[in-house]
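The values are calculated or read from the model by the stated rules, or taken from the named source; none is laboratory data. Note that the structure is predicted; figures quoted are calculated from it, not measured. FYI the Cβ positions are ideal-geometry reconstructions off the backbone, even for glycines, and counts take in every protein chain you see.
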Amino acid sequence: KKEGTKMLKMTKGKTKIAKGEVGGGSFQSMGLHPSILRSLTLRGYKIPTPIQRLSIPTLLANPPRDLVGMARTGSGKTLAYMVPLVQRLGGRHAATFGARALILLPARELAVQVLKVGKELARGWGACEGGHAGDNEDIEGERSKAHGLRWGLVVGGEGLDEQFEMITNNPDVVIATPGRLLHLVVEMNLDLRSVQYVVFDEADRLFEMGFATALNEILHRLPSSRQTLLFSATLPKSLVEFAKAGLQDPKLVRLDAES
Ligand code: ADP
Ligand code: MG
């Protein structure tokens, strides 16, 4: 693992190890939309975990910067990329064609979990605007449904027709496993050129499960102007190689096992 970190640092001159570095201390200090802060509070998330504290401000800074986040399982990596995703997408559906964000995960169950986290975080966007805060949940729910972010799940085990229909609904965020996503790209001409924000989550497991070829195929179909994130519990050599090919001068946030 140490060796992997060193290699990444060597090739990317400006890559910095953020170990011990202090980011914003609270969600409130990160410049987040009131709707996101409200969702976090509703879910009982009072203070950011270390990986969130170090990743969220970096991912929201302009110009966008790529990031490799390495922290143990259970350290809160999902919100570390989901909070900036929802904030960057403005919490609302865009009529422009194609997904603006793509999250890749190694298994269907993980994709379903991440979808739930994202939907909960983005829920109620708009309810804080125009003096409607405190309106009943029904009105808020309707407003979210009509204007809120649209989410698409592209995973094995679902019918291809349903997934095709889901894609024609023009989701803002696609959460996918690599095999099925590549199938849609190749067989159904799913266009990935609109993707601005891409996350390789549980990246060590993506590679353990033999998705390397599919991931490289997907990488080639993404626009070069994208912001690319890679989150993992470990950083084996194969992953370092992938990060070198797919990420540009990434900031490396690496936390020790206890963090
Ligand atoms: P990882 O992807 O690093 O394994 P998850 O993102 O799945 O971790 O989060 C692990 C657990 O921690 C989840 O149950 C999540 O709800 C909880 N969690 C995440 N962020 C916070 C936070 N800021 N405060 C409290 N609990 C949190
Ligand atoms: Mg995770």
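Residues of the stretch 201-255 being part of a helix (DSSP H, G or I) and without any contact (Cβ under 8 Å) to a residue 24 or more places away in the chain, which ones? Write out each step before concluding.
Our first condition is that a residue be part of a helix (DSSP H, G or I); within the stretch 201-255, this holds for 203-208, 212-220, 237-246.
Selection gives T213, H220, E241.
When L235 is tested against (1) buried (at least 20 other Cβ atoms within 10 Å of the Cβ); (2) more than 16 Å from ligand 1 (Cβ to nearest atom); (3) over 29 Å from R92 (Cβ atoms), only condition (2) is not met.
Say we look at the stretch 94-126 and pick out the residues that are part of a loop (DSSP other than H, G, I, E, B), crowded, with 18+ Cβ neighbours inside 10 Å and away from ligand 2 (no atom under 13 Å from the Cβ); which of these is nearest to the chain's Cα centre (by Cα)?
Step one: of the stretch 94-126, the residues part of a loop (DSSP other than H, G, I, E, B) are 94-100, 105-107, 123-126.
If we keep only those that are crowded, with 18+ Cβ neighbours inside 10 Å as well, we get 99-100, 105-106, 123-125.
Filter once more, so that each one left must be away from ligand 2 (no atom under 13 Å from the Cβ): 99-100, 123-125.
Numbers: A99: 13, R100: 11, R123: 16, G124: 20, W125: 18 Å.
My answer is R100.
Pairs linking a residue in the stretch 63-81 that is touching a residue at least 12 places away in the same chain (Cβ under 8 Å) to a residue that is more than 10 Å from ligand 1 (Cβ to nearest atom) and among the acidic types (D, E), with Cβ atoms under 8 Å and 6 or more positions apart or on different chains, are R65/D249; D66/D249. Among the residues of the stretch 19-42, the ones that are farther than 15 Å from A80 by Cα, at pLDDT 95 or above and not in a helix (DSSP H, G or I) come to 1 in all. Name the residue that is nearest to I56 (Cα to Cα), counting only residues in the stretch 72-89 that are assigned to a loop (DSSP other than H, G, I, E, B) and within 6 Å of ligand 1 (Cβ to nearest atom). Among residues in the stretch 72-89 that are assigned to a loop (DSSP other than H, G, I, E, B) and within 6 Å of ligand 1 (Cβ to nearest atom), the one nearest to I56 (Cα to Cα) is G76.
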